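I have placed the structure first, in the form of structure tokens, so that the comments after it can refer back to it.
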Amino acid sequence: MIRFVLRWLWRLLLVVVICIGALLAPVGYVEFACTGEDEGERYAALLPPEHHRLEARTLLTYPEWHIVHAYDDYAEVIREGDPHDFGYFRAIRDYWSSLCALKTQAASHGGIDASTRQLVYVIGVSFSAELALKAAYEETLGRAATWLRGAERTRLDQLSHQQAAAYARFLQQTPWYKWEFEADIVAMDLAQTLAFRDSERRFALGLEYAAKAAYAGVIAQAVESVGADELSLRMIVTGPDVDALERMGGIEVIQKRPQGVEIEVPRYRELTRMLADRLAFLDLQIVEMAGNDDIMFTALSKNASEPGALFSFARQGYGDHRHLFLVKVSELLARLGEMDSSALTVEHVHDY
């Protein structure tokens with residue numbers, strides 16, 4: 001009996017070691033295989049040091065957004081399909097492949113600081129583990145539940161799509177750990193019917209939401225102890241229409257400089273909307289952003305590749321492709337303004 005228990009404990013340990021090794025293997029590959037050359041040239045910033053952000057961060061903010069996009073893709077797939085239709089391992093592959101390309105590029109933009117390097121690896125491993133576990137369930141028990149359900153979707157199938165879509169929209173501007181997962185559980189309890197599929201969805205998603213709610217509490221406390229990231233950044237803008245900036249909501253004019261007007265603007269999704277929907281249609285040029293002269297943005301098109309893209313791959317559920325571009329900040333508004341007459345649609349400007 002003892003030998004039998006020890007044998008199974010050994011097998012369990014071996015499985016755990018193999019799983020951990022599989023999760024850490026991409027980290028090792030990206031760290032040691034995805035290297036670039038430091039060109040040694042640095043932009044001489046105009047803004048004071050307290051308003052500088054590392055230039056390589058424009059590249060290394062993408063991995064976090066890749067996870068945001070993956071949740072959006074998932075919501076789109078289950079709009080009419082089922083969770084097992086989503087390519088979980090494809091999303092994992094694209095995370096690490098894009099990170100490899102971006103880390104290589106970052107070498108010529110000051111490299112990656114230790115905290116950012118640690119962040120993209122930790123969230124990458126967490127994302128991979130989450131999707132691998134979800135795939136293991138949805139491709140087996142979840143798929144079996146849809147067979148028993150038949151073609152007609154149940155009330156919780158519809159609700160799970162609505163919750164996934166709302167969560168994806170929320171992540172565009174707000175950290176994930178501020179989402180109220182407990183409210184999703186309550187909503188499922190209120191909507192659940194006696195259908196077997198609804199019971200299965202309540203069980204599976206209830207466990208997922210409860211686990212995320214517990215983890216979110218831990219992350220929120222950790223963030224509170226170190227302080228949240230800045231919600232705004234500064235940049236210098238020049239051009240005939242600079243006077244219009246004083247009349248725009250969401251923009252604070254700090255001072256006029258010989259090189260242009262120094263302004264403070266919101267970061268994240270609000271920055272993309274401001275740049276693409278307003279500033280791109282004025283006669284303006286960005287001189288510097290957060291002490292940097294390069295910035296990355298993502299755009300969407302039906303084409304599998306676009307000239308000048310650092311990395312391209314297909315989105316799930318949408319039938320189009322995402323492209324990552326790195327440009328000079330002085331070219332950014334012109335590039336965004338040209339989107340209306342091109343096959344590209346701007347998706348997100350990655351600040352620092």
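The values are calculated or read from the model by the stated rules, or taken from the named source; none is laboratory data. Values in this document were obtained by computation on a predicted structure and should not be read as measured data. Here Cβ is always computed from backbone atoms with ideal geometry, including for glycine, and neighbour counts include all displayed protein chains. All accessible areas refer to the heavy atoms of the entire protein, side chains included, with ligands and DNA or RNA removed. Shrake-Rupley method; radii C 1.70, N 1.55, O 1.52, S 1.80 Å.
Tell me yes or no: at least one residue of the range 48-71 is under 30 Å from LEU171 (Cβ atoms), polar (S, T, N, Q) and at pLDDT 95 or above. First the steps, then the outcome.
Of the residues in the range 48-71, the ones under 30 Å from LEU171 (Cβ atoms) are 50-71.
Still in the list and also polar (S, T, N, Q): 58, 61.
Add one more test, that the residue is at pLDDT 95 or above, and what stays is 58.
Scanning the range 48-71, I find at least one residue that is under 30 Å from LEU171 (Cβ atoms), polar (S, T, N, Q) and at pLDDT 95 or above, so the answer is yes.
From ASP283, ASP198, ASP184, grab the single residue that is surrounded by fewer than 14 Cβ atoms within 10 Å (Cβ to Cβ) and of a type in the set (Asp, Glu). Lay out the reasoning, then the answer.
On the way: ASP198 fails: surrounded by fewer than 14 Cβ atoms within 10 Å (Cβ to Cβ); ASP184 fails: surrounded by fewer than 14 Cβ atoms within 10 Å (Cβ to Cβ).
Residue meeting the stated conditions: ASP283.
Does the range 212-227 include one or more residues that are under 24 Å from THR154 (Cβ atoms), without any contact (Cβ under 8 Å) to a residue 60 or more places away in the chain and not polar (S, T, N, Q)?
Here is the first cut: in the range 212-227, the ones under 24 Å from THR154 (Cβ atoms) are 212-213.
Right, trim to without any contact (Cβ under 8 Å) to a residue 60 or more places away in the chain and you get 212-213.
Still in the list and also not polar (S, T, N, Q): 212-213.
The answer is yes; a qualifying residue exists.
Is there any pair linking a residue in the range 156-185 that is within 14 Å of VAL68 (Cβ to Cβ) and free of Cβ contacts under 8 Å to residues at least 24 places away in the same chain to one that is hydrophobic (A, V, I, L, M, F, W, C) and open to solvent by 20 Å² or more (accessible area, probe 1.4 Å), with Cβ under 9 Å and at least six apart or on different chains, and which?
If the second residue must be hydrophobic (A, V, I, L, M, F, W, C) and open to solvent by 20 Å² or more (accessible area, probe 1.4 Å), the pairs left are ALA166/TRP179; PHE170/TRP176; PHE170/TRP179.
LEU275 - would you say it is open to solvent by 10 Å² or more (accessible area, probe 1.4 Å) and under 20 Å from the mean Cα position of the chain (by Cα)? Outline the logic, then answer.
Details: open to solvent by 10 Å² or more (accessible area, probe 1.4 Å): no; under 20 Å from the mean Cα position of the chain (by Cα): yes.
So LEU275 fails the test.
Would you mind listing the helices (runs of 4 or more DSSP H) fully within the range 42-139 where at least 3 residues are touching a helix residue (DSSP H, G or I) at 6+ places or on another chain (Cβ under 6 Å) and either farther than 19 Å from ARG315 by Cα or open to solvent by 10 Å² or more (accessible area, probe 1.4 Å) (or both)?
Hits in the range 42-139: 62-77, 88-106, 114-137.
Report whether or not ALA280 is within 24 Å of the chain's Cα centre (by Cα), over 22 Å from HIS350 (Cβ atoms) and in contact (Cβ under 8 Å) with a residue 24 or more places away in the chain.
So ALA280 fails the test.
When you look at GLU152, is it open to solvent by 40 Å² or more (accessible area, probe 1.4 Å), assigned to a helix (DSSP H, G or I) and among the acidic types (Asp, Glu), yes or no?
Details: open to solvent by 40 Å² or more (accessible area, probe 1.4 Å): yes; assigned to a helix (DSSP H, G or I): no; among the acidic types (Asp, Glu): yes.
For GLU152, the condition - open to solvent by 40 Å² or more (accessible area, probe 1.4 Å), assigned to a helix (DSSP H, G or I) and among the acidic types (Asp, Glu) - is not met.
Kindly indicate whether ALA304 is touching a Gly at 6+ places or on another chain (Cβ under 6 Å) and either part of a loop (DSSP other than H, G, I, E, B) or not polar (S, T, N, Q) (or both). It would help to see each step written out before you state the result.
On the way: touching a Gly at 6+ places or on another chain (Cβ under 6 Å): no; either part of a loop (DSSP other than H, G, I, E, B) or not polar (S, T, N, Q) (or both): yes.
Criteria not met by ALA304.
Could you tell me whether GLN255 is closer than 20 Å to LYS328 by Cα and either loosely packed, with under 14 Cβ neighbours inside 10 Å or in contact with a Cys (Cβ under 7 Å, 6 or more places away or on another chain) (or both)? Step through it out loud before you land on a result.
Working: closer than 20 Å to LYS328 by Cα: no; either loosely packed, with under 14 Cβ neighbours inside 10 Å or in contact with a Cys (Cβ under 7 Å, 6 or more places away or on another chain) (or both): yes.
So GLN255 fails the test.
In this structure, is GLY142 part of a loop (DSSP other than H, G, I, E, B) and at pLDDT 95 or above? Spell out the reasoning first.
Working: part of a loop (DSSP other than H, G, I, E, B): no; at pLDDT 95 or above: yes.
Answer is no for this residue.
Among the listed residues VAL242, VAL287, VAL261, VAL349, identify the single one that is touching a residue at least 12 places away in the same chain (Cβ under 8 Å) and under 22 Å from the mean Cα position of the chain (by Cα).
Values: VAL242 fails: under 22 Å from the mean Cα position of the chain (by Cα); VAL287 fails: under 22 Å from the mean Cα position of the chain (by Cα); VAL261 fails: under 22 Å from the mean Cα position of the chain (by Cα).
The conditions single out VAL349.
What's the number of the condition SER312 fails, among (1) among the polar types (S, T, N, Q); (2) open to solvent by 20 Å² or more (accessible area, probe 1.4 Å); (3) within 25 Å of GLN173 (Cα to Cα); (4) in contact (Cβ under 8 Å) with a residue 24 or more places away in the chain?
(4)
Go through the range 266-298 and count every residue that is out of contact with any Asp or Glu (no Cβ under 8 Å at 6 or more places or on another chain), hydrophobic (A, V, I, L, M, F, W, C) and not in a strand (DSSP E or B).
Residues flagged as out of contact with any Asp or Glu (no Cβ under 8 Å at 6 or more places or on another chain), hydrophobic (A, V, I, L, M, F, W, C) and not in a strand (DSSP E or B) within the range 266-298 amount to 6.
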